[in-house]
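Okay, so here's the structure we're looking at.
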Amino acid sequence: MVGTFDGQQAHVLRIEPPAHLGVTLLIPDFELSTAEARRVMPGHYSQADAVFALSHAALTTAALMSGQLDLLAHAMQDRLHQPYRAPLVPGLKQILTEAPEHGALGVALSGAGPTVLCFHNRTQPTAPLHTFYAESWQGRGLAVRSWLCPWTWRAHR
């Protein structure tokens, strides 16, 4: 879903991505406090970073709605929170950069972190992708749980 709230009313649009779009959540075995994740954020952003964020959010939405999932790796790039929070999540930079080489369609830090959200093609094997994630964090002394969301988009209308 995509939505806005103007202070009085919510405006919502349901997105129906292709049924073969899968989601994996990568949950490293450590906690990251929201307060710490907020502390590292800048007080202001440049106009260029704001334009980058808005255009990439729009492209992500359009890719999901149109089924052009090959655009997700580019569309899900971020300049508003991932660069600042990456030092708090060991291996995040590597995962964001290299995950598409291992089968990820798109990957992003989920909220304040440390969970990482990964889109993938449900018709393709996910073992190489999950192995990459596990090895990325194990090399830094961290365990990670990969949770393959068991539902389909169309089942949750």
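Observations
- Residues that are open to solvent by less than 50 Å² (accessible area, probe 1.4 Å), under 16 Å from the mean Cα position of the chain (by Cα) and among the aliphatic types (A, V, I, L, M), drawn from segment 45-60: Ala53
- Of the numbered criteria (1) assigned to a strand (DSSP E or B); (2) open to solvent by less than 40 Å² (accessible area, probe 1.4 Å), the one His11 fails is (2).
- Contact annotation: residue pairs with Cβ atoms under 9 Å, 6 or more positions apart or on different chains, pairing a residue in segment 24-44 that is open to solvent by less than 50 Å² (accessible area, probe 1.4 Å) with a partner that is at pLDDT 95 or above and basic (Lys, Arg), are Leu32/Arg85; Ala37/Arg85; Val40/Arg85; Met41/Arg85.
- Test result for Pro114, over 22 Å from Thr61 (Cα atoms) and either modelled with pLDDT of 90 or more or in contact with a Phe, Trp or Tyr (Cβ under 6 Å, 6 or more places away or on another chain) (or both): yes
- All positions within segment 70-85 that are open to solvent by less than 70 Å² (accessible area, probe 1.4 Å), part of a helix (DSSP H, G or I), touching a residue at least 12 places away in the same chain (Cβ under 8 Å) and out of contact with any helix residue (DSSP H, G or I) (no Cβ under 6 Å at 6 or more places or on another chain): Gln82
- Across segment 102-129, the number of residues qualifying as of a type outside the set (A, V, I, L, M, F, W, C), open to solvent by 30 Å² or more (accessible area, probe 1.4 Å) and closer than 14 Å to Asp78 by Cβ comes to 2.
- Filter result for Asp6 (free of Cβ contacts under 8 Å to residues at least 60 places away in the same chain, over 25 Å from Leu69 (Cα atoms) and of a type in the set (Asp, Glu)): yes
- Any hit, segment 136-143, residues being open to solvent by less than 60 Å² (accessible area, probe 1.4 Å), outside any loop (DSSP other than H, G, I, E, B), more than 21 Å from Met1 (Cα to Cα) and modelled with pLDDT of 85 or more: yes
The values are calculated or read from the model by the stated rules, or taken from the named source; none is laboratory data. All of these numbers come straight from a predicted model, not from anything done at the bench. Neighbour counts run over all protein chains shown; Cβ positions are idealised from the backbone, glycine included. We work out accessible area using only protein heavy atoms, side chains counted, and drop any ligands, DNA or RNA first. Shrake-Rupley method; radii C 1.70, N 1.55, O 1.52, S 1.80 Å.
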